[in-house]
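Notes to accompany the following structure.
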Amino acid sequence: MLAAGPEDGVAGLRIAYSPGLGIRSPDIQVREACDAAAATFAALGATVEEADPDLSGLFPAYDCLRICNRAATYRANGASQARDEMDELVARVLDQAEAYDTDAYIAALGTREALAARMRAFHETYDLLICPTMAVPPLPIGAGPEPKDAHWYQIDGDIWSPYTFVFNMTHQPAASIPCGLTRPDPASGLPGGLPLGLQIVAAPFSDDLVLRAARAFEASREWKRPSFPFRSDAMAAE
């Protein structure tokens, strides 16, 4: 029987490492940091192997449920009576919801349950799943969806955040922990030292395993908080 204490470490656990969840490949810096994290878990005594869960049907089902639920909330708060005053993204959600009918919503609920069942089966083989938290390094301040982007998880057509909402869909415990820092990017002007995240996921009601793994990983490496020159000299002197 697996020990349940937070100090018990990960030795003997079976861990699946999925660099992109079979959805999209992450940015090279994200991939390198998560590869190193997977190697750390192996060094701590876990059995680690690359494996992608079957997440087919995720995006259509998620989009339907998210858009319809959000539109219903907006309508309940009177948004549909004030379209000329509402935010562009709110208006877009209301328009998108018109494309779905009851049959589509019920089908999306069925896909959600199928995804949850597949993940439960996946965790019969693996105690934990690790993957990137985001597909890209931290974005510049002010970056966000463009008018042509249909969904929040897209920026200029690129899916930047495809790895987190799936576990809301499948009712699984997950944690995001820092696993590395970015290098400076002259092209975007972003400094180095920005955090990259690793996601640790377990089967439903196995929160203890998530916490054990997060604690073991963080205890295995020295983590120094990055220092950024965000204050002026005058502020620093106060």
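The values are calculated or read from the model by the stated rules, or taken from the named source; none is laboratory data. This structure is a prediction, so every number in the text was calculated from the model and none was measured. Ideal geometry is used to build each Cβ from the backbone, glycine not excepted, and the neighbour counts take in all protein chains shown.
In summary, residue 77 fulfils each of the numbered conditions (1) buried (at least 20 other Cβ atoms within 10 Å of the Cβ); (2) over 12 Å from residue 166 (Cβ atoms) with the single exception of condition (1). Cβ separations smaller than 9 Å between residues 6+ apart or across chains give the following pairs from the range 200-216 residues that are under 25 Å from residue 20 (Cβ atoms) to residues that are among the basic types (Lys, Arg): 203/120; 204/120. Screening residue 217 on (1) at pLDDT below 95; (2) in a helix (DSSP H, G or I); (3) of a type in the set (Phe, Trp, Tyr) shows it passes everything except condition (1). When the range 122-151 is limited to residues that are part of a loop (DSSP other than H, G, I, E, B), farther than 22 Å from residue 195 by Cβ and not charged (D, E, K, R), the one that is farthest from the chain's Cα centre (by Cα) turns out to be 147.
Taken over the range 18-39, residues that are in contact with a Leu (Cβ under 8 Å, 6 or more places away or on another chain) and more than 17 Å from residue 161 (Cα to Cα) amount to 1.
Report yes if some residue within the range 40-57 is under 17 Å from residue 162 (Cβ atoms) and β-branched (Val, Ile, Thr); otherwise report no. Within the range 40-57, none of the residues are under 17 Å from residue 162 (Cβ atoms) and β-branched (Val, Ile, Thr).
Per this entry, residue 103 is not counted among residues that are at pLDDT below 80, more than 16 Å from the chain's Cα centre (by Cα) and closer than 28 Å to residue 74 by Cα.
A count restricted to the range 84-104 and to residues that are of a type outside the set (A, V, I, L, M) and buried (at least 16 other Cβ atoms within 10 Å of the Cβ) stands at 3. Checking each residue in the range 152-193 for being without any contact (Cβ under 8 Å) to a residue 60 or more places away in the chain, assigned to a strand (DSSP E or B) and not aliphatic (A, V, I, L, M) picks out 154, 158, 176, 178, 185.
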